[in-house]
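Here is the structure we will look at.
Every number here is computed from the coordinates shown, using simple stated rules; none is lab data. Being a predicted model, the structure only gives us computed values, none of them experimental. Reconstructed Cβ throughout: ideal geometry from the backbone, glycine too, with neighbour counts over all protein chains shown.
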Amino acid sequence: MITVVNPAFLSMIVDNGRFGYGHIGVAPSSGLDRFACAMARFILGNIDSAPVLEIMGNGLSLLFSEAVTFAITGARVKGTLDDVPVEPWSRTKAPKGSVLKISEVLEGCRYYIGFSGTIDVDPVMGSRSTNLECRFGGYQGRPLMKGDVLELREVYDPVGHISVPDERIPSMGEPHIIRVLPGPEADYFSPLSVKFLSNRNEALFFKASARLNRTGIRLEGPAIQFRDEAEQSIISEGILPGTIQVPPDGLPIINCVERTIGGYARLAIIIDVDLDKLAHIKPFDRVILSVTDSEEAERLLQAKKDTVAFYVKKQ
Amino acid sequence: MVRERYGESGIRIVFGDIIDEITHEAVRRFFLHLTSLNIPGIVDIVPSFRTCLVHFDSDRVRYEQLCQLIDTTEADRKNMVLPDVQRLEIPVRYGGDYGPDMDFVCSYSGLSPEEVIEIHSAGTYRVHAIGFMPGFPYLGPVDRRLYVPRQATPVLKVPQGSVGIAQLQTGIYPFESPAGWRIIGRTMMRLFDYTKPPYSVLHFGDTVRFVRV
């Protein structure tokens, strides 16, 4: 078992997400950086459904009361296991009684820790991800707190050493360059203010506001103008993670993983390979939006999948 | 019916431009039919007032395949016998601490609290969508006399069961939550239970009447 000595700013259990219940308003609540989650599991040779911890902030401290192997992925962090530096994006064996401490987040925002076992919490509606707003899933539906104890099931001892080389670790620093496809209401906006949607050489520059979480990321910058004759909202309907909505004030909101329906005009949709970047946007980071097309999005996605497949095969 | 791609892994199907019963039935027919086909690779189907959003996993099914399936099953959808909807009565305590925005609604509409309650509880409302949060029903249409705008800035917290109105809609917050609608009452009925299927008391297409208690 693992005892939370210090949960840092926000720590919670996540997995691939809760799907199949969108029609009753249940959002995925998945780990925001899916690549990092997947790599944590791959490094450990764990099953695809194994939950991991999603953590924000310095100061995390975990006490291992049994020997277990772990892997840290996502944001670049500086950490120690019993005062010996830990190498992220690789396997580390934690002996019984050892203490993991994360002292600093160097690049990006959310980091992930997977274990060679399954964190023993009951799945809710098919997932162990935490729905913080409605307080279900994960660890009693809430963030981890000091003193919480995570039991592990099916603990195994991975053999050998696997790590992800530096050049394969995505950049998580700012500015975050995010590529999009035009959204269903792209024509609600004045052509001048959304020129970037029809020209790859154009881009829109924003700063992330302090109002951001797993539900949404509000951007600040030049307000996007609606056409005079356009409605300023829509009849509410389905949205997906990465949908960029524009409320009447013209400042975009990126939908993350906690909403299935939206009522604002949808300017654009972030392409799959750039969705993981949402995990690493911090308040006041620069966010640059630029357009791409479905073919390129598909090509980029295939390349990313090949990277993952490369590691799976190697194991 | 208009079909368009939504990003890489979505298909948006539009059944009409306005909120009416014909559009609603077309959405419901499509939703129930596609759900019944159990297509591997379809991750979620979100029906709403006038559209359905199909979310698929491109590793398991191709966009073109799904489009073809949607386009070639029009007749099956037409012939499908739709199941009855639930007709639910929801007990509500109006006003006072239960409905902190009742005063605003009265001053905006020029109605007395009694009139607001009477009008709100006289309507039979359709579940036009479920979302925003698990089990939250978008109910309508609300009598025009009760038209109020949303809050310019959402209130940080309303209690579980809060009943709100905004524009021509009414809804119920199944969990304690931030809220953009005007809260006029509260129900003690639990609308969402994540421990027991089918989890949500209400489903797309059901009808709801509010009963004053």
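Greater than 31 Å separation of Cα atoms is the criterion. Which listed pairs, A:Lys195/A:Lys304; A:Lys282/A:Lys304; A:Lys93/A:Lys207; A:Lys101/A:Lys277; A:Lys78/A:Lys305, meet it?
Numbers: A:Lys195/A:Lys304 29 Å; A:Lys282/A:Lys304 24 Å; A:Lys93/A:Lys207 40 Å; A:Lys101/A:Lys277 25 Å; A:Lys78/A:Lys305 28 Å.
A:Lys93/A:Lys207, as the Cα separations exceed 31 Å there.
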task = Please identify every one of the GluC sites (Glu not before Pro) in segment A:209-253 that sits in a loop by DSSP and has no more than 16 other beta carbons within 10 Å of its own beta carbon.
result = A:Glu229, A:Glu231
task = Using R₀ = 30 Å, calculate the FRET efficiency as 1/(1 + (r/R₀)^6) where r is the Cβ-Cβ separation of A:Val159 and A:Lys304; round to 0.05.
result = 0.60
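How much net charge surrounds A:Ile239 when only the other residues with a Cβ under 13 Å from the Cβ of A:Ile239 are counted, with Lys and Arg +1 and Asp and Glu -1?
Working: positive: A:Arg259, A:Arg266, B:Arg12; negative: A:Glu185, A:Glu237, A:Glu258, B:Asp44.
Net of charged neighbours comes to -1.
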request  = Estimate the FRET efficiency between B:Asp57 and A:Asp122 by the formula 1/(1 + (r/R0)^6), using the beta-carbon distance for r and 35 Å for R0, to the nearest 0.05.
outcome  = 0.90
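Once every DSSP H run of n ≥ 4 in chain B is given -39500 (n - 2.57) and the sum is divided by its residues, what mean residue ellipticity at 222 nm do you get, rounded to the nearest 500 deg cm²/dmol? Don't skip to the end; give the middle numbers.
Numbers: 5 runs with 51 residues, N = 213.
After summing the helix terms and dividing by the residues of chain B, the value is -7000 deg cm²/dmol.
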ask   = What net charge is computed for the residues neighbouring B:Gly185, neighbours being all others with C-beta under 12 Å from the C-beta of B:Gly185, Lys and Arg scored +1, Asp and Glu -1?
value = +2
query = Short version: ³J(HN,Hα) in whole Hz for each residue of segment A:232-241, in order, from phi by Karplus 6.51 cos²θ - 1.76 cosθ + 1.60 (θ = phi - 60°), x for Gly and Pro, what are they?
reply = 9, 8, 10, 5, 3, 7, x, 9, 10, x
key: Global form of segment A:64-184, assessed from the alpha-carbon gyration tensor, a/c cut-off 1.5   = oblate
Selection from B:Asn79, B:Pro91, B:Ile117 lying farthest towards where the dipole of segment B:61-133 points positive, charges on Cβ = B:Asn79
Sparsely packed GluC sites (Glu not before Pro) within segment A:65-154, loop by DSSP, other Cβ within 10 Å at most 16 = A:Glu66, A:Glu151, A:Glu154
In order through segment A:253-260: 3J(HN,Hα) via Karplus (6.51 cos²θ - 1.76 cosθ + 1.60), integer Hz, x for Gly, Pro = 10, 8, 7, 9, 10, 10, 9, 10
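Summing +1 for each Lys or Arg and -1 for each Asp or Glu, what net charge is found among the other residues whose Cβ lies under 14 Å from the Cβ of B:Thr35?
Details: positive: B:Arg28, B:Arg29, B:Arg77; negative: B:Asp44, B:Asp76.
With Lys, Arg at +1 and Asp, Glu at -1, the net is +1.
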task = Would you pull out the residues with amide H under 5 Å of A:Glu237's amide H, same chain only if 5 or more places away, H placed 1.01 Å from N?
result = A:Gly262
message = Just to be sure I understand: with springs between alpha-carbon atoms less than 10 Å apart, which residue in B:Val14, B:Val158, B:Val81 has the highest mean-square fluctuation in the Gaussian network model of chain B?
response = B:Val81
key: FRET efficiency estimate (nearest 0.05) - Cβ-Cβ, B:Arg77 to A:Lys207, R0 35 angstrom   = 0.15
Average beta-carbon neighbours from other chains, 10 Å sphere, peptide B:1-8 = 6
